[in-house]
Amino acid sequence: MALADLFSRNARRAQPSGDSVSPIGADLGSNEAVRRKQLTLLAGAAGVGLIASCFWIFSGDGKSVDAEDDNVTDIDISTKDLVNRNLSQQEWMAMSENQFQAQENQLKAVGGAQERMDALVAQVEALKGQNQAMQSDGQRVLTAYQAENDQLKRQLSQGRVAASTGPGPAALYGPGGTPAYQRPDGPDGKNAPLPLVQGSEVKMVSFAGGESGTASKVERGNTVYTDSPNYLPPNSFARARVIVGVDASAGVNSQTDPLPVVLRVTGPARSVFANDKLLTTRIEGCLVNGAARGDLSSEKVYVKLQKMTCPQPGGRYAVSEVKGFIAFAGKTGVRGRVVSREGSLVTQAFLAGMAGGFGRGFSANANSMFQGTTINTNGKRDKLSTGDILEGGIGEGVAQTGDMVSKYLIERAEQYQPVIEMPTGIDVEIVFLEGVYVRN
């Protein structure tokens, strides 16, 4: 049998013989033997290959492991280095946080210093503006002083040039008199006037108080010169309308606790009049408040001015402290209606006192009987009747009750002090006693 036939899967076709018997059974037995031989050969080849592979694999791993063992070096891992590195990192982070915090604090300090610097710069600018305003005001005052001094000097020089002797006998002895009445020994060879001899001498009398007097001297340098239209000079007066009136109490205790009053200025403040011109200050629309008190003897309400509010350009307002008073119908104070409500209480107190008096009369009559020493013949005191006891009890009760009610009504009547009504909406005059700038 050929070698190719060993590995062939197809059976060799049987050649029919010349015999009459079929050869199929013999061929089947030969095929089965061939298959077993093929399997045996394949198993042997596979076992040889497997043994060779194992020998090669195990022999190669030993050499590589030995080579790797020769190349490996020992590495010592220390936990101390790891701990020290963590500590170093923590220290570095702490130092960084401290530095960042310090820088943040420095930045905050610089910001606060910058804010203070800005505030100081604003204050300096405001002071510069005030200084410039004061310089301009001072320059105007100096200019006014200089103009007044020049005017006084001109008036003085004109008075000296135009001085002349008045009419009468003394005119004959002056420089413009008759030459016959002049003396020849005058200055520069001119005639000098003869001395005037008068029969009576005129003495100058000074009404100024001495050092020991009570008069107060006017100090120099208190004169105020200003051309500002916003200055309200002293003694100025303006028309106003009462928008918040008051019922001022006329009691003694009310003098220490005045009530507020509000007025609205309806006209300009008028001041001095010179050269056919009236000096005015525009204060229309300003609000003025004051303290009001009542005076029962004059039946008037007196008001002292306290503060005034005036509008300024730009929607602002100026508040000034003023001193002055209110006048009505040409007189100080505002006359009002006196309202007294204690009359009925006084009448009731009178009736209660009268009832107490009658009660004391009955009580006194009963007491005379209570305290009597009347004794009958048997040496016993007579008993009082029921009517006598009732009369004494009622009299004593009415007396005490009447006194207490009368005292209560009198104390209540003292609380009902008379008041003086100051009506609202009336037109009054306000007078300013001191000068003030109503606007900046």
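The values are calculated or read from the model by the stated rules, or taken from the named source; none is laboratory data. All of these numbers come straight from a predicted model, not from anything done at the bench. Here the Cβ is made from the backbone with ideal geometry for all residues, glycine too, and neighbour counts use every protein chain on show.
Filter the stretch 324-349 for residues that are in contact (Cβ under 8 Å) with a residue 24 or more places away in the chain and assigned to a helix (DSSP H, G or I); which is surrounded by the fewest Cβ atoms within 10 Å (Cβ to Cβ)? Once the filter is applied, the top-ranked residue is VAL346. Scanning the stretch 216-243 for residues that are buried (at least 16 other Cβ atoms within 10 Å of the Cβ) and of a type in the set (A, V, I, L, M, F, W, C), we see that the one that is modelled with the lowest pLDDT is LEU232. Scanning the stretch 293-314 for residues that are small (Gly, Ala, Ser) and surrounded by 22 or more Cβ atoms within 10 Å (Cβ to Cβ) gives a single hit, GLY294.
Pairs are defined by a Cβ separation below 7 Å, a sequence spacing of at least 6 or placement on different chains, a first member in the stretch 387-407 that is within 18 Å of THR347 (Cβ to Cβ), and a second member that is of a type outside the set (A, V, I, L, M) and surrounded by 14 or more Cβ atoms within 10 Å (Cβ to Cβ); the pairs so defined are GLY402/GLY353; GLY402/GLY356; GLY402/GLY359; ASP403/GLY356; SER406/GLY353; SER406/GLY356. Of all the residues in the stretch 251-303, those that are among the acidic types (Asp, Glu) and assigned to a strand (DSSP E or B) number 1.
Taking the stated definitions as given, is VAL272 surrounded by fewer than 14 Cβ atoms within 10 Å (Cβ to Cβ), among the hydrophobic types (A, V, I, L, M, F, W, C) and touching a residue at least 40 places away in the same chain (Cβ under 8 Å)? The answer is no for VAL272. For GLY402, only one of the following conditions fails: (1) part of a helix (DSSP H, G or I); (2) small (Gly, Ala, Ser); (3) at pLDDT 80 or above; (4) within 30 Å of GLY336 (Cα to Cα). What is its number? Here GLY402 meets the rest and fails (4).
Contact annotation: no residue pair with Cβ atoms under 7 Å, 6 or more positions apart or on different chains, pairs a residue in the stretch 289-315 that is in the same structural domain as THR256 (by TED's automatic domain parsing) with a partner that is acidic (Asp, Glu) and not in a strand (DSSP E or B). Yes or no: GLY129 within 38 Å of the chain's Cα centre (by Cα) and under 30 Å from ARG439 (Cβ atoms)? Yes; evaluated as a whole, the condition is true for this residue.
Does the stretch 296-307 include one or more residues that are under 18 Å from TYR437 (Cα atoms) and not charged (D, E, K, R)? Yes, some residue in the stretch 296-307 is under 18 Å from TYR437 (Cα atoms) and not charged (D, E, K, R). The condition of being in contact with a Cys (Cβ under 9 Å, 6 or more places away or on another chain) and of a type in the set (Val, Ile, Thr) holds for ILE283.
Condition (residue is free of Cβ contacts under 8 Å to residues at least 40 places away in the same chain, under 35 Å from the mean Cα position of the chain (by Cα) and assigned to a helix (DSSP H, G or I)) applied to the stretch 143-162: is it met by at least one residue? Looking through the stretch 143-162, none of the residues is free of Cβ contacts under 8 Å to residues at least 40 places away in the same chain, under 35 Å from the mean Cα position of the chain (by Cα) and assigned to a helix (DSSP H, G or I). Hey, ALA250 hits all of (1) free of Cβ contacts under 8 Å to residues at least 40 places away in the same chain; (2) within 18 Å of SER340 (Cβ to Cβ) but one; which does it fall short on? It fails just one condition, (1). Restricting attention to the stretch 244-270 and to residues that are modelled with pLDDT under 80 and either under 32 Å from the mean Cα position of the chain (by Cα) or among the aromatic types (Phe, Trp, Tyr) (or both), the residue that is farthest from GLU421 (Cα to Cα) turns out to be THR256.
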